[in-house]
Amino acid sequence: MTIQRHWPLVIIGSGAAGYTAGIYSRRAMIDTLMIEGLQPGGQLTITSDVENFPGYASIMGPELMMKMREHAEKFDLNIHSDLVDSVNLKQHPFSIHTMNDETFTANAIIVATGASARFLKIPGEKEFMGRGVSGCATCDGFFFRDKVVMVAGGGDTAMEDATYLTNHARKVYIVHRRDELRASKIMQKKAMDNPKIEFIWSTIPLEVIGNEKVEKIRLKNVKSGEEFDQEVDGFFVAIGHKPNTGFLDGQVELDETGYIKTRPDSTYTSVEGVFAAGDVRDHVYRQAITAAGSGCMASIDAERWLEDKRLKG
């Protein structure tokens, strides 16, 4: 099937933000193309049970994304399976180039490429993803009520995640490769004062071990070289997230950690006609519901901008 080359609106990326933006844009009768990327559905496709998305007491992450996709397709959203590797935002209409060597142009763009959790890339980490390994404490902490978990990291994210997990788990280990933390003093104190948290200093995780689910983490003390196993029910990697903004090549203003900067209370970026939604602009909440909400905002912002510029059709 031949896909038209020029579109009033192109959504780059799928997931809760992208699909919601697609639903709203098509309901507004904007001819829209979504280029969904290599991981359609984003981070939720590697999440197990989701119990905090309104309307679903419990639903698997991949199923929720499939339902969002089907909802968008009901309104005839054009979804193209490809990955954007570069864009030209310096002239209008914008041009978008993909991994499969296709080029599209657009009057407006919504960037909804998300952010990827950084992982340690140790044996067992990928295999037990969603079965005890997680990169999101606020997403999955509830499933470890009265369990023992471990958090890997030494920054604010690790301290925040560990402190949050004490609301559910009976014991939280923090494993850190150094004998001091990078986290802010206030976050360090909060974690250190929590009786449920125990630190394992100067130690690195070597392997995630289990059968059907995580059972223990093999650790190594970097000073003595000693290797030992710690039994846990869950392993949370909290070494930060990387926003998927490399393809923008600096053409949109980013913050100091690489997230797209948007105007207050809007999804407008530093480039007129380019909008951002979801985790690619949000390093604070990173939830499916907030991503969906910003996808709605981006679509409405884009619709109003296109209408104002008489570029909607």
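Points worth noting:
- Sorted from greatest to least, the principal axis extents spanned by the alpha carbons of the chain come out as 65, 36, 35 Å.
- Helix 61-74 vs. the chain, principal-axis angle (Cα, 0 to 90°, nearest 10): 10 degrees
- Based on Cα contacts under 8 Å between residues 6+ apart, the stretch 44-111 shows a relative contact order of 17 percent.
- For the stretch 247-253, 3J(HN,Hα) per residue [Karplus equation, 6.51 cos²θ - 1.76 cosθ + 1.60, θ = phi - 60°, Hz, x = Gly/Pro]: 5, 6, 6, x, 7, 10, 5
- Percent RCO, i.e. relative contact order, over the stretch 119-237, from Cα pairs under 8 Å lying at least 6 residues apart: 31 percent
- For q = 0.27 Å⁻¹, Debye-computed log10 I/I(0) when each Cα of the stretch 120-195 counts as one equal scatterer: -1.35
- For the stretch 100-191, the set of GluC sites (Glu not before Pro) satisfying both a DSSP loop assignment and a count of at most 13 other C-beta atoms within 10 Å is given as Glu127, Glu180.
- Choice from Ile35, Ile59, Ile197 with maximal GNM fluctuation in the chain (Cα, 10 Å cutoff): Ile59
- Restricting the trypsin sites (Lys or Arg not before Pro) of the stretch 204-265 to loop positions (DSSP other than H, G, I, E, B) with no more than 16 neighbouring Cβ atoms within 10 Å leaves Lys213, Lys223, Lys261.
- Fluctuation leader among Ala108, Ala137, Ala28 - the chain, Gaussian network, Cα springs under 10 angstrom: Ala28
- Percent of alpha-carbon pairs separated by more than 18 Å within the stretch 1-104: 50 percent
- Put simply, the stretch 136-253 fits an ellipsoid with semi-axes of 24, 17, 17 Å; these come from the alpha carbon gyration tensor as the roots of five times its eigenvalues, largest first.
- Listed residue pairs exceeding 25 Å between alpha carbons, taken from Lys242/Lys309; Lys147/Lys220; Lys147/Lys189; Lys126/Lys190; Lys121/Lys189: Lys242/Lys309; Lys126/Lys190; Lys121/Lys189
- Calculated P(r) tail over 26 Å for the stretch 72-222, as whole % of Cα pairs: 44 percent
- With one equal scatterer per alpha carbon and no solvent term, the Debye-computed log10 I(q)/I(0) for the stretch 178-219 at 0.22, 0.30, 0.31 1/Å reads -0.84, -1.01, -1.04.
- Sorting Trp201, Trp305 by the number of Cβ atoms found within 10 Å of their own Cβ, with the fewest placed first, yields Trp201, Trp305.
- Cα point-scatterer Debye curve for the stretch 272-313, base-10 log of I(q)/I(0) at q = 0.16, 0.24, 0.27 Å⁻¹: -0.44, -0.75, -0.85
- Cysteines without a disulfide-compatible partner [the chain; Cβ-Cβ under 4.7 Å]: Cys296
- Listed residues Gly210, Gly37, Gly18, most fluctuating in the chain (Gaussian network, C-alpha, under 10 Å): Gly210
- Pairs of Cα atoms farther than 17 Å apart, the stretch 44-84, %: 41 percent
- Taking other Cβ atoms within 10 Å as a rough exposure proxy, Leu311, Leu248 sort from fewest to most as Leu311, Leu248.
- Residues Phe53, Phe142, Phe104, Phe235, arranged from fewest to most other Cβ atoms within 10 angstrom of their Cβ, appear as Phe142, Phe53, Phe104, Phe235.
Values in this text are rule-based calculations from the coordinates and carry no lab data. Computed from a predicted structure; not experimentally measured. When we count neighbours, we look across all protein chains shown, and the Cβ atoms used for this are built from the backbone with ideal geometry, even at glycine.
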